[in-house]
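Below: the structure, in structure tokens.
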Amino acid sequence: MNAQAKPLVLHEDRLFPSDPTQRTIARRLYAHVARLPIVSPHGHTDPAWFAGNEAFANATELLLVPDHYVFRMLYSQGVPLDALGIPRADGSRAQVDPRAAWQVFARNVHLFRGTPSSMWLDHVFHEVFGLRQRLDAGTADTYYDTITQALQTPGFRPRALFERFGIEVIATTEGPLDDLAHHAAIRDSGWKGKVVTAYRPDPVVDPEHEQFTGALRRFGEITGEDVYDWDGYLRAHRQRRAFFKSMGATSTDHGHPSCATADLPPAQARALFAKIVSGAFDAADAELFRAQVLTEMAGMSLDDGLVMQIHPGCFRNHNRGLFERYGRDKGADIPLRTEYVRALKPLLDRYGNEPTFRLILFTLDESTYARELGPLAGHWPCLFLGPAWWFHDSPEGMWRFREQTLSTAGFYNTVGFNDDTRAFLSIPARHDVARRIDCAVLARLAAEHRIDEDEAAEVAADLAYRLPKEAYRL
Amino acid sequence: MNAQAKPLVLHEDRLFPSDPTQRTIARRLYAHVARLPIVSPHGHTDPAWFAGNEAFANATELLLVPDHYVFRMLYSQGVPLDALGIPRADGSRAQVDPRAAWQVFARNVHLFRGTPSSMWLDHVFHEVFGLRQRLDAGTADTYYDTITQALQTPGFRPRALFERFGIEVIATTEGPLDDLAHHAAIRDSGWKGKVVTAYRPDPVVDPEHEQFTGALRRFGEITGEDVYDWDGYLRAHRQRRAFFKSMGATSTDHGHPSCATADLPPAQARALFAKIVSGAFDAADAELFRAQVLTEMAGMSLDDGLVMQIHPGCFRNHNRGLFERYGRDKGADIPLRTEYVRALKPLLDRYGNEPTFRLILFTLDESTYARELGPLAGHWPCLFLGPAWWFHDSPEGMWRFREQTLSTAGFYNTVGFNDDTRAFLSIPARHDVARRIDCAVLARLAAEHRIDEDEAAEVAADLAYRLPKEAYRL
Amino acid sequence: MNAQAKPLVLHEDRLFPSDPTQRTIARRLYAHVARLPIVSPHGHTDPAWFAGNEAFANATELLLVPDHYVFRMLYSQGVPLDALGIPRADGSRAQVDPRAAWQVFARNVHLFRGTPSSMWLDHVFHEVFGLRQRLDAGTADTYYDTITQALQTPGFRPRALFERFGIEVIATTEGPLDDLAHHAAIRDSGWKGKVVTAYRPDPVVDPEHEQFTGALRRFGEITGEDVYDWDGYLRAHRQRRAFFKSMGATSTDHGHPSCATADLPPAQARALFAKIVSGAFDAADAELFRAQVLTEMAGMSLDDGLVMQIHPGCFRNHNRGLFERYGRDKGADIPLRTEYVRALKPLLDRYGNEPTFRLILFTLDESTYARELGPLAGHWPCLFLGPAWWFHDSPEGMWRFREQTLSTAGFYNTVGFNDDTRAFLSIPARHDVARRIDCAVLARLAAEHRIDEDEAAEVAADLAYRLPKEAYRL
């Protein structure tokens, strides 16, 4: 015990409005959904964890190093990435004692006040590790030791946590070249945990991806198709989609700079592809190619039933110096203004009225919620809205999502929650936040007599459990 | 009575904040405005209803078929328009029993939870038809029969409802070719209800409108002007505006894809018009032509005193397949990002400081409220802001409108409420929602000691009654 | 006493949420910060006031004529600027009795209901002048006399008010040609008040500024540098920055139409400058030149330690007729959509990871808070967010700023409050509003159990006092 330390409390009413009328209703609604199984249809956990079921190394490796939400904030206040032992692009790492890195984090934990990271971390500390004092410089060592020791025990292995968390199904995301060996190992192990993959073909779809040339070559080797020919390229996709589907995939995912789609006549598509594979293309060609492939993917979804997801609108690797030294995914991705109405029209005019087609849209540009995405989802039968995403996966962001899409898309053109995380331990915390916010939103509607409480309870359960399962065909 | 059915309650405090301090103030403010007459300065009811005063046919024809808010949501979840008997572009309709269509709606009524349609419909069910059980699959037939039978009685004829609703004046919207025969019939009938028209010249202003060529020819026939000559074209507008004004019009309305205006030298305007009527124009020409006509219309407003409205920023008929089969106005219109600052400058530099000119601006792009529209209306003497429009005509949308325009435009550069609807029965519900939200906004300001309650009461009455009358010169 | 007049009350709980739980916490938090000294790191008060310490003339000259927040609203409702005696571009003024101008204002004071101007003015009336009846037509003369008489007394001289307001330090803003004589006079006077300048070089940076040619010539004369040569021009800036720094400046400020930056190779920069000084440049050249100078300024900040501020995104002088008659800064400036992600990349790639560089960003486009500014500030070590600015400097605007930046930038990548005003008497009111809103935001977080109250109290004090001092190196 540290006498100076403040208590760490996870209040049972957290995130509920403090107005007594709303809070009372929110509590009742939450009681219906708090213990529903977790359905996690989109995320980035590592299937190797569940295949190998090895212990996590220590607090720093588990909670800091993989979490760019955390280290980007520290970096923004002058903490060098090397002080945290973040791996560099060349695979090397600064020689940092993981305990010292944890202490750096603990000394700066005030930076996270009011942020979702703070909420998720406190939930993990309190619920997973049983900590009851707030993290700060004085409790840093206690934290580090408690967490690191727990991780060596059987109850903290990945599969045990998966079961403890009440996860009914989780989807990971793999590239088109992945052999899905970990998924095979999970399936063959006899373990009952349901871990499925999702098809994310960006490296062979985006000509401006630094791995495109190599990935395309490997795409041909794996599939045995002539992937330098447009038809062969499309057949290779169909083949990999079928393989992913055989390993449990029910969805594809596409992370493009914009939401542009195209529906070129076949001869033009063929000519464009020839230009792309020749390497003699410009930025407009690359954009048009990505746009055309999205429409091709929609067509394949009609055939194989995989649900399509588009995650557009991010400027990747905005910090050139950092990218050169540390590589991708280091907290330097920044949202961009994103247009949907004109961008999606080619794809929608081609496939948008097909009864079996399903396209889930995400955004990093909240100005499109009320203006574009809500009205689109409230008309087109294929369209559904993914939840508040990434930078907007916060209590405030979730409120804005509901307040700005409800009147035009309703609740039933949305798909419940995605945690979209690689921070495995935070998954229960993130789903709990989403359920609490949806209950708070519904409690307000009920308190203002816009919905009856029995309807609100049904919506709460639909958002927490039924809609994600149905939307993703899980 | 259906024993399974849930009660339908229209709570007296609906839409008021649940915080007791705010709710108490909101109730007091609302008591001042709840029974003020309805002034409806902009909308799309059919003047034939009030001219002919025929009974509405049945629940489906009255409440579903004309309401694209309703059938777009059903369509978004896979209900074919033919299942509801929505008329097709060729005038045909699927053979659908209107009772069966009503049952489809009732089975899907959960889709509307939390939406404004749900609020409006419940208000109509409860207040107009006296229903006291919630609509669902089990009560669908009771609803259909109750409503359809009521419609055959004298108290549910259009004029009786108009009087029962407390409508002091309502404006309809007609195209430039309309002979306003229904308005003449109303005037000549001796009935006291005040129904005025508004001049909406889009079909002869937008060269990209599919009816443009035919409409322009007819424009010439009706007016006797040479409408293929720029001066004759402008004279034809002046003539029709005068005719509309003689039939009660106090405003014009302009529904353009953008808010672009232009102030070309006469020779350029003339040359542009020649290009337009030749048919050999491109999209930029069409945009510039619409822009120029807006400025011409502003000039005419200076002369005839008609208040000008611009409703910009909609991508019409976004679903090509649906448009080809069912035509316009089928719930496939989607908002676009809209720019006002540069767009309006030509018109404003020409006429913006004229004391008698009045221009009411609307938007479907809420990101412009705080950034562009509030600051513009808080400076230019001619500019006023129309209320939260169409996709934003919801409690949340109205709150955002006030919260994002109040600090720069105040309350007095806004014009109160427009229902903008063709759903006649929903008019009292819509005005009631607007009054309740304005009272809620004011109650919050008073509860946070930013405005005294006597001032709030005056503002509430101004927004509900005085400002729309003054702004529209009604 | 005016028997008809309403009491003017400055409620101790104003701006706090009315929910009792939140209000109680907000009160406690506010008690910690209410009496902290005022740090005003960015604003536009006139240093002549503090140098000369002359009495202000009367109520109208003090409170109406310099406040474009006030007269733009009056103008928007048809009050001519001449009726208020606003100076014209040629230096003349309409012959208006200042008391009559005050009466015009008083008759229209309802226009300000719910606006920040109303709050600031009431604070000044109540706290500075001891008025206890609301301003309206009936109390106009009492107001005018009370204020005007008070201004003639020693306690209302600028220095006395500065001390009474508890201002620890205030920054003014001067152009590059200013000799800072008033600052020298203040320094030499022996008065203890701390008034520093800030370097705002726009007139010699913006080739489209109407004073550019003359200002550049004078820039050369003052510095003795050849400012028509790129290297000489840069040396002149360095020299003036050093002079400003010697007079207390700790920051520079840049008010550009966009946030564009550039990092041209030296030869290209030189060639661009030659084109600019030749006068034979177009709008794109001007934009690129401003962009390049921002990056040069960042480089100079690395050397001299001045904190850099960018205030972008305003369309200046939107009303051509008004500009021709009355000149700049007459309430006709309108925000523009503004892009930051691509715009800032050249500057950031060059200097963004430098530990000593600090860049404070402002916006008039709130759609960038959550999408661009929060994520940028939550990554780049040099970046901090300035507070809700100008049109957004309202309770609602401050709430939106916090709600939309908190989750990605936290509190500690923001810099507390700037009053940014030339309305000297409103400074305590503006800081009080900011402190109250920050306490309200924090109270809500605490009431919803997202932050502990001891943390909230620390954040409140940091935002009110510590962060502005540290961010601006004051």
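Considering B:45, B:21, the condition of being of a type outside the set (A, V, I, L, M, F, W, C) and part of a helix (DSSP H, G or I) is satisfied by B:21 alone. Of all residue pairs spaced 6 or more apart or on separate chains, those with beta-carbon atoms under 6 Å, a first member in segment B:308-321 that is over 30 Å from residue B:468 (Cβ atoms) and a second member that is assigned to a strand (DSSP E or B) are B:318/B:334.
Residue check: is residue B:324 under 18 Å from residue B:262 (Cβ atoms) and touching a residue at least 12 places away in the same chain (Cβ under 8 Å)? Answer is no for this residue. The set of residues in segment C:91-117 that are part of a helix (DSSP H, G or I) and either at pLDDT below 95 or closer than 16 Å to residue C:59 by Cα (or both) comprises C:98, C:99, C:100, C:101, C:102, C:103, C:104, C:105, C:106, C:107, C:109, C:117. Say we look at segment A:275-323 and pick out the residues that are within 21 Å of the chain's Cα centre (by Cα) and β-branched (Val, Ile, Thr); which of these is nearest to residue A:421 (Cα to Cα)? So the residue we want is A:310.
Checked against (1) closer than 30 Å to residue A:344 by Cα; (2) surrounded by fewer than 19 Cβ atoms within 10 Å (Cβ to Cβ); (3) of a type outside the set (S, T, N, Q), residue B:264 meets all criteria but (1).
Listed here are the residues, each with its yes/no results for (1) touching a Pro at 6+ places or on another chain (Cβ under 8 Å); (2) within 12 Å of chain C (Cβ to nearest Cβ); (3) among the charged types (D, E, K, R).
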position: A:69; (1), (2), (3): yes, yes, no
position: A:72; (1), (2), (3): no, yes, yes
position: A:80; (1), (2), (3): no, yes, no
position: A:85; (1), (2), (3): yes, no, no
position: A:107; (1), (2), (3): no, no, yes
position: A:111; (1), (2), (3): no, yes, no
position: A:118; (1), (2), (3): no, yes, no
position: A:122; (1), (2), (3): no, yes, yes
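When segment B:391-407 is filtered for residues that are within 9 Å of another protein chain (Cβ to nearest Cβ) and either at pLDDT below 95 or within 30 Å of residue B:72 (Cα to Cα) (or both), the ones remaining, listed by number, are B:391, B:392, B:393, B:394, B:395, B:396, B:397, B:399, B:400, B:402, B:403, B:404. Being over 30 Å from the mean Cα position of the chain (by Cα) and of a type outside the set (A, V, I, L, M, F, W, C) is the requirement here; does residue A:265 meet it? Criteria met by residue A:265. Only residues that are among the charged types (D, E, K, R), under 18 Å from residue A:194 (Cβ atoms) and within 14 Å of chain B (Cβ to nearest Cβ): list them for segment A:417-474, please. Across segment A:417-474, the qualifying residues are A:466, A:470. Please work out which residue is surrounded by the fewest Cβ atoms within 10 Å (Cβ to Cβ), limiting yourself to segment B:356-389 and to residues that are more than 9 Å from every other protein chain (Cβ to nearest Cβ) and under 20 Å from residue A:404 (Cα atoms). Filtering segment B:356-389 for residues that are more than 9 Å from every other protein chain (Cβ to nearest Cβ) and under 20 Å from residue A:404 (Cα atoms), the one surrounded by the fewest Cβ atoms within 10 Å (Cβ to Cβ) comes out as B:389.
Has segment C:339-359 got any residue that is under 17 Å from residue B:372 (Cβ atoms), in contact (Cβ under 8 Å) with a residue 24 or more places away in the chain and not charged (D, E, K, R)? Taking every residue of segment C:339-359 in turn, none turns out to be under 17 Å from residue B:372 (Cβ atoms), in contact (Cβ under 8 Å) with a residue 24 or more places away in the chain and not charged (D, E, K, R). If I filter segment C:28-48 down to residues being buried (at least 21 other Cβ atoms within 10 Å of the Cβ) and of a type outside the set (Val, Ile, Thr), which single residue comes out as farthest from residue C:179 (Cα to Cα)? If we take residues in segment C:28-48 being buried (at least 21 other Cβ atoms within 10 Å of the Cβ) and of a type outside the set (Val, Ile, Thr), then C:29 is farthest from residue C:179 (Cα to Cα).
Of the residues in segment A:452-460, none is in contact with a helix residue (DSSP H, G or I) (Cβ under 6 Å, 6 or more places away or on another chain), aliphatic (A, V, I, L, M), farther than 30 Å from residue A:306 by Cβ and free of Cβ contacts under 8 Å to residues at least 12 places away in the same chain. Of all residues in segment A:296-317, those being among the polar types (S, T, N, Q) and either within 14 Å of chain C (Cβ to nearest Cβ) or surrounded by fewer than 21 Cβ atoms within 10 Å (Cβ to Cβ) (or both) number 1.
Could you name every one of the helices (runs of 4 or more DSSP H) located completely within segment C:332-434 that has at least 1 residues being farther than 28 Å from residue C:172 by Cβ, in contact with a Phe, Trp or Tyr (Cβ under 8 Å, 6 or more places away or on another chain) and of a type in the set (Ser, Thr, Tyr)?
On the way: elements: C:341-351, C:374-377, C:395-409.
Per the criteria, C:395-409.
For the condition over 26 Å from residue B:24 (Cβ atoms) and either at pLDDT 95 or above or part of a helix (DSSP H, G or I) (or both), residue B:438 does not qualify. Checked against the criterion of being among the basic types (Lys, Arg) and loosely packed, with under 15 Cβ neighbours inside 10 Å, the candidates B:328, B:320 yield just one match: B:328. The residues of segment B:340-354 that are out of contact with any strand residue (DSSP E or B) (no Cβ under 9 Å at 6 or more places or on another chain) and either at pLDDT below 95 or closer than 27 Å to residue B:43 by Cβ (or both) amount to a single one, B:343. Each residue in segment C:24-40 was checked for being outside any helix (DSSP H, G or I) and either among the charged types (D, E, K, R) or in contact with a Ser or Thr (Cβ under 7 Å, 6 or more places away or on another chain) (or both), and 1 pass. As a summary of the residue check, residue B:140 satisfies the conditions (1) over 30 Å from residue B:398 (Cβ atoms); (2) in contact (Cβ under 8 Å) with a residue 24 or more places away in the chain; (3) surrounded by fewer than 19 Cβ atoms within 10 Å (Cβ to Cβ) except for the one numbered (3).
Remark: residue B:91 falls outside the filter, which requires a residue to be crowded, with 19+ Cβ neighbours inside 10 Å, free of Cβ contacts under 8 Å to residues at least 24 places away in the same chain and of a type outside the set (Asp, Glu).
The values are calculated or read from the model by the stated rules, or taken from the named source; none is laboratory data. Please read all numbers here as calculations on a predicted model, not as lab measurements. Reconstructed Cβ throughout: ideal geometry from the backbone, glycine too, with neighbour counts over all protein chains shown.
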